[in-house]
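Asks: I am attaching a structure below and will ask some questions about it afterwards.
All of the numbers you see were taken from the coordinates with simple rules; none came from a lab. This one's a predicted model, so the numbers in the text were calculated from it and none came from an experiment. Glycine also receives a Cβ, built like all others from the backbone with ideal geometry; neighbour counts cover every protein chain displayed.
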Amino acid sequence: MTDHLKKMYEEYEKKTPGSKERYEAARKVVSAGIGGSAPTYDPYPVFVEKAEGSKVFDVDGNSYLDFNLCWGVLFVGHRHPKLIEGLHDQLNNGTMYGLPYEEILEAGKALTQRFPIEELRFVNSGTEATLYAARLARAYTGKDKLVKIEGAYHGLADYLHISKRPSAGEAGPPKRPSSIPYGAGITDGVVKDTIVAPFNDLESMEGILNEHTGEVAAVIVEPVMMNAGVILPKKGYLKGLRKLTQEHNVLLIFDEVKTGVKLAPGGACEFYGIEPDLVSLAKAIGGGLPLGACGGRKEIMADIGHEGLFGTFSANPLSIRSCRITLTEVLTKSAYKNADTLGKDLMKGYQDIVDDTKLKAVVQGLNSVGGILFSDRPVHNYRDWLATDKKIWHEYWIAMFNEGILSMAYGPEEEWLVSIQHSKEDIQEHLEAFKKVAPKLK
């Protein structure tokens, strides 16, 4: 441990004794001391008491500007007044029905107007949304194999939880990565049906599809990778991928769980002008409540009932109400313009500070989403991300936290998000904190 990090820990623990006490108590009841969402980290995670607008408040009375926003769920910010009002109203009408109701149609229409999908089904999470997409692709094509991108995260389904974060030693050749299960509970039989490809490499993808002609049901991709920082697609990559999949009669699945309704109203589909066969959505579409969706062409979605893809809590009235309000009343053109402008200001401010301090780091992002990676060169794929400095990133995150800035979700693979409730003053405060922290990160 460096002297700088030791000092940061001491400062962290001094300001968060209540969180430490609760964490130690929680470890005796729930695994790793967490409820199942936020990952733990050293010295211990902070415990939150409440949130409002662009801030969260911990049990010790500290406030933090929130640029994590629950991994992008809260693009609307915390406790948006329109959502609070609408949810109070829905609570008075009931929390679960077990039968269809009209607002499902309204929320569904709002999504089909934004994305190139003809039909959809609501689910509870991103994991379910990608699970549905993969099952539908296999059912429609009659083929077993899936191609996913090395380092990409598509939820917890066994056949997608492959090569999420392989070590350099086990990852295999860069052009033809090995399929490595993330955890010991995934069987060899599952692993053999998931093929792994590098991001931003059409030549490798073409080689894989040629090698497995007639065997691949679908290629699933995050159009902008967001599990290794923010990695943008190279010019022509997504259009080339669409062309390749069509030539090989393979479905293309866009996992827009993180990009959907944030990069643009219609997510990466709209921003890059691509029409995939299936789209998986979650996080921001629910306005802070658990919700996902899987949608695509009618002929593909027609198999959904035969596949038994239903869920007791899917399309619950509270989440659907939040979705409908988020998409039709909250995420307006002016809201997007403000968030995108502030997001670009934050990235430019970071880059200026990196340049001024000669910090070995790169700032990557798009519109309201971005992040910092401690590397001397741009990051274009997972192998590039593997070479980034994770220890310096941890020092950066703890130091920013001590300055009252939740700069992004914890983890060097994560990114920040500017919500529609952040202000110019919030961005300036974030940058002032980084200006103070950056010179000490060498």
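Asks: What are the lysines whose alpha-carbon lies under 27 Å from the alpha-carbon of Lys442, with same-chain residues fewer than 8 places away excluded?
Replies: Lys6, Lys7, Lys14, Lys15, Lys344, Lys348, Lys358, Lys360, Lys390, Lys391
Asks: If I model a spin label at Glu425 and Thr95 as a point 7 Å from the Cα along the Cα→Cβ vector, what separation in nanometres do I get?
Replies: Distance between the two pseudo-spin positions: 3.6 nm.
Asks: Based on a Kirkwood Rh over C-alpha pairs, give the Stokes-Einstein translational diffusion coefficient of the range 185-281 at 10 °C and viscosity 1.306 mPa s in µm²/s.
Replies: Details: Rh = 14.1 Å.
The Stokes-Einstein estimate is 113 µm²/s.
Asks: If r is the Cβ-Cβ distance from Glu247 to Asp376 and R0 is 41 Å, what FRET efficiency results, to the nearest 0.05?
Replies: Details: r = 38 Å, r/R0 = 0.92.
Between Glu247 and Asp376 the formula returns 0.65.
Asks: OK, next. Could you list Tyr101, Tyr44, Tyr9 so that the one with the fewest beta carbons within 10 Å of its beta carbon is first and the one with the most is last? Please list the in-between numbers first.
Replies: Details: Tyr101 13, Tyr44 20, Tyr9 16.
Listing Tyr101, Tyr44, Tyr9 from fewest to most nearby Cβ atoms yields Tyr101, Tyr9, Tyr44.
Asks: Still on this structure, I have one more. Compute the length gained on full extension between Ile34 and Glu52: take 0.36 nm times their separation in residues and subtract their Cα-Cα distance, giving the result in nm to one decimal.
Replies: On the way: separation 18, 0.36 × 18 = 6.48 nm, distance 2.19 nm.
Separation in residues times 0.36 nm, less the Cα-Cα distance, equals 4.3 nm.
Asks: Then there's this: If the convex hull of the alpha-carbon atoms of the range 279-409 is projected onto planes in all directions, what is the mean projected area in square nanometres?
Replies: On the way: hull surface 47.3 nm².
Dividing the Cα hull surface by four gives the mean projection, 11.8 nm².
Asks: Taking every eigenvalue of the Cα gyration tensor of the range 81-330, multiplying by 5 and rooting it, what semi-axes result, largest first, whole Å? All intermediate terms of the calculation are to be shown ahead of the outcome.
Replies: Working: eigenvalues 203, 66, 59 Å².
They are 32, 18, 17 Å, listed from largest to smallest.
Asks: Among residues other than Ala284 whose Cβ falls under 11 Å from its Cβ, what is the net charge (Lys/Arg +1, Asp/Glu -1)?
Replies: Numbers: positive: Lys258, Lys262, Lys283; negative: Glu256.
Taking every other residue near Ala284 into account, the sum is +2.
Asks: Between Lys435 and Glu118, what length in nm is gained on full extension when 0.36 nm per residue of separation is reduced by their alpha carbon distance? The partial results should precede the final answer.
Replies: Values: separation 317, 0.36 × 317 = 114.12 nm, distance 4.74 nm.
Computed gain between Lys435 and Glu118 is 109.4 nm.
Asks: Another question about this same structure. About the Cα centre of the chain, what is the dipole size in debye to 20, counting +1 per Lys and Arg Cβ and -1 per Asp and Glu Cβ, all else neutral? Walk me through the numbers before you get to the answer.
Replies: Values: 52 positive and 59 negative charges, 88 e Å.
Dipole magnitude for the chain comes out near 420 debye.
Asks: Right, next: Suppose the chain between Arg176 and His88 were pulled fully straight at 0.36 nm per residue; how much longer would it get relative to their current alpha carbon spacing? Can you show the working numbers first?
Replies: On the way: separation 88, 0.36 × 88 = 31.68 nm, distance 5.20 nm.
Extra length from Arg176 to His88 when fully extended: 26.5 nm.
Asks: Further, regarding this structure: Among Val48, Val379, Val250, which comes first, second and so on when ranked by fewest other beta-carbon atoms within 10 Å? Could you put the intermediate results ahead of the total?
Replies: On the way: Val48 15, Val379 22, Val250 25.
The fewest-first ordering by Cβ neighbours comes to Val48, Val379, Val250.
Asks: So what is the diffusion coefficient of the chain in µm² per second by Stokes-Einstein at 37 °C and 0.692 mPa s, using a Kirkwood Rh over Cα pairs? Don't skip to the end; give the middle numbers.
Replies: On the way: Rh = 22.5 Å.
For these conditions, the coefficient is 146 µm²/s.
Asks: Within 14 Å, Cβ to Cβ, of Glu85, how many net charges do the neighbouring residues add up to if Lys/Arg are +1 and Asp/Glu are -1? Mind dumping the intermediate values first?
Replies: Numbers: positive: Arg79, Lys82, Arg321, Arg324; negative: Asp89, Glu329.
For residues surrounding Glu85, the net value is +2.
Asks: A further question follows. Could you tell me the center-to-center distance, by alpha carbons, between the range 424-442 and the range 231-255 in angstrom?
Replies: Rounded to whole Å, the Cα centres lie 38 Å apart.
Asks: If you don't mind, another one. Could you let me know the centre-to-centre spacing of the range 350-392 and the range 1-71, using Cα atoms, in angstrom?
Replies: Value for the Cα centre distance between the two parts: 25 Å.
Asks: Most fluctuating residue of Ala302, Ala339, Ala284 in a GNM of the chain with Cα springs under 10 Å: which is it?
Replies: Ala302
Asks: Right, next: Cut-off is 10 Å between beta-carbons; in what order do Phe122, Phe374 appear when sorted fewest neighbours first? Write down the numbers at each step before the final one.
Replies: Values: Phe122 26, Phe374 22.
Ascending number of Cβ neighbours within 10 Å: Phe374, Phe122.
Asks: Then there is this: At 37 °C and 0.692 mPa s, what whole-number value in µm²/s does Stokes-Einstein give for the translational diffusion of the range 45-113, with Rh from the Kirkwood sum over Cα pairs? Walk me through the numbers before you get to the answer.
Replies: On the way: Rh = 14.6 Å.
Value of D from the Cα-based Kirkwood radius: 225 µm²/s.
Asks: Need the C-alpha centroid separation for the range 100-152 versus the range 185-227, integer Å.
Replies: About 19 Å separates the Cα centre of the range 100-152 from the one of the range 185-227.
Asks: Still on this structure, I have one more. What number results when the radius of gyration of the range 304-378, computed over Cα atoms, is divided by 2.2 N^0.38 Å?
Replies: Numbers: Rg = 19.9 Å, N = 75, 2.2 N^0.38 = 11.3 Å.
Normalised by 2.2 N^0.38 Å, the Cα Rg of the range 304-378 equals 1.75.
Asks: Continuing with the same structure: In a shell of Cβ-Cβ distance under 12 Å around Val257, excluding Val257 itself, what net charge do Lys and Arg (+1) and Asp and Glu (-1) give? Don't skip to the end; give the middle numbers.
Replies: Details: positive: Lys258, Lys262, Lys283; negative: Glu128, Glu222, Asp255, Glu256.
Net of charged neighbours comes to -1.
Asks: 7 Å from Cα along Cα→Cβ at both Lys337 and Arg79: what's the point-to-point distance in nm?
Replies: 2.9 nm
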